[in-house]
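The values are calculated or read from the model by the stated rules, or taken from the named source; none is laboratory data. Bear in mind the structure is a predicted one, so any value in this text is a computation, not a measurement. Methodologically, a virtual Cβ is constructed for each residue, glycine included, from the backbone with ideal geometry; neighbour enumeration extends over all protein chains shown. SASA here: full protein model, heavy atoms, side chains in, ligands and nucleic acids out. Shrake-Rupley method; radii C 1.70, N 1.55, O 1.52, S 1.80 Å.
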Amino acid sequence: MSFETVLPIWNAIQGRFHKTVQKLPEADLTLELGSASIGYMLRHNAEVEYMFANWFFGVKIPAGIKLYTAGGPNGPKVKPAFTNLQELVDDLTASNDFLIEAMRNLPHEAWTVPVESPMGPSTPLEAVGRLMYHTGIHSGQISLIQKHFPVKENAAEAPAQH
């Protein structure tokens, strides 16, 4: 397994996820299930890509990238709101580009060598699989939140339900 094999699979999954994100109504970014909003999940996805590039591909996270979601949705007491869709799209694009470049630069023989990380040992190939799974989980959560907790537009004008 190598970058040339992994990239088309990665791009297929990420491409679909990014298209979905770009079509999100900005008002939906504040919808949440538990303590994580859709905007939070999008920011988290970008941050995890940076962390994995660092942990499994040995590339330092760029200066200026702040990891707001690393402690999970119950982590920091003051949680920033992630409500600007274009900023989140830009974050996801940048993290994806960063990770792809990290993958591109990994020597062929290193893809199957276990690396110690805060998550325990994993090969870079396994790490990419985990990222694909991670993106899929959050994509499903976003769909679930949108389906079951829609934004109540014009709520003040709606007739009372009995």
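Using a Gaussian network model on the chain with a 10 Å cutoff between Cα atoms, which of Ala110, Ala46, Ala12 fluctuates the most? Checking each option, the largest mean-square fluctuation is seen for Ala12. Shown for the chain: the carbon plus sulfur share of the solvent-accessible area, taken with all protein chains present and a 1.4 angstrom probe, equals 57%. Computed about its Cα centre, the charge dipole of the chain is approximately 260 debye, with only Lys, Arg, Asp and Glu carrying charge at their Cβ. For the chain, the number of Lys pairs with C-alpha atoms closer than 30 Å, counting only pairs eight or more positions apart or on separate chains, is 17. Each 5 Å bin from 0 upward holds the following percent of the Cα-Cα pairs of the range 1-158: 2, 8, 18, 21, 19, 14, 9, 5, 2, 1, 1, 0, 0. For the chain, the solvent-accessible area of protein heavy atoms averages 57 Å² per residue (probe radius 1.4 Å; ligands and nucleic acids excluded). Each part reduced to its alpha carbon centroid, the range 80-120 and the range 1-33 end up 13 Å apart. Using heavy atoms of the protein chains and a probe of 1.4 Å, the accessible area assigned to Arg104 is about 120 Å². Between the residues Asn45, Asn105, Val89, the greatest Cα displacement towards the positive end of the dipole of the chain, with unit charges on the Cβ of Lys, Arg, Asp and Glu, is found for Asn45.
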